[in-house]
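Written below as C-alpha cells is the structure these notes are about.
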Amino acid sequence: MHIPKITTAFAVDDRTLIVQFDNDARKKYDITPLLDKAMFAPLRNVSLFKSVKVEQGGYAVVWNDEIDISEYELWIHGETA
C-alpha cells in the first residue's frame, strides 16, 4: 500500500490536526486518545501542540525530538476533511 507523504499540517484547535498529503487529500486527526501515553502527554500544553511541523521528507509530523506521529498513522486513522 502506498502511503502519501505529508506536505502541510496545522492545529485547528487544542487537540485536532489538519494534515495535507501530496495526493491532495486532507485528513483530520484528533490526538485526544494519544494523550494517555507518556510520550504524548506534553501535547496537553496547547502552545506546544500548535507548534507542529512536518518532518523533512513528509514522513511524520513532529513537535520535538521525542514527539512525532507517522504519515502512516495519520493516513490510516485520520478522517477525511
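Any residue at all in the range 12-32 that is loosely packed, with under 13 Cβ neighbours inside 10 Å, modelled with pLDDT of 95 or more and basic (Lys, Arg)?
no
Residues of the range 72-81 being over 11 Å from Tyr29 (Cβ atoms) and either crowded, with 18+ Cβ neighbours inside 10 Å or at pLDDT below 95 (or both), which ones?
Passing the criteria: none in range.
Condition first: more than 17 Å from Asp13 (Cβ to Cβ) and touching a helix residue (DSSP H, G or I) at 6+ places or on another chain (Cβ under 9 Å). Now tell me which residues in the range 27-54 satisfy that. Before you say what the answer is, go through the steps one by one.
Start the filter on the range 27-54 by keeping residues that are more than 17 Å from Asp13 (Cβ to Cβ), which leaves 36-39, 41-42, 53-54.
Once the filter is applied, which keeps residues that are more than 17 Å from Asp13 (Cβ to Cβ) and touching a helix residue (DSSP H, G or I) at 6+ places or on another chain (Cβ under 9 Å), the range 27-54 yields Ala41, Pro42.
In the range 45-71, which residues are in a loop (DSSP other than H, G, I, E, B) and exposed (fewer than 12 other Cβ atoms within 10 Å of the Cβ)?
If the condition is that a residue be in a loop (DSSP other than H, G, I, E, B) and exposed (fewer than 12 other Cβ atoms within 10 Å of the Cβ), then Gln56, Gly57, Asn64, Asp65, Glu66 are the ones that fit.
Is there a residue in the range 34-42 that is among the aliphatic types (A, V, I, L, M) and surrounded by 17 or more Cβ atoms within 10 Å (Cβ to Cβ)?
Scanning the range 34-42, I find no residue that is among the aliphatic types (A, V, I, L, M) and surrounded by 17 or more Cβ atoms within 10 Å (Cβ to Cβ), so the answer is no.
The values are calculated or read from the model by the stated rules, or taken from the named source; none is laboratory data. Note that the structure is a prediction, hence the values are computed from the model and not measured. All Cβ positions, glycine included, derive from the backbone under ideal geometry; neighbour counts span all protein chains shown.
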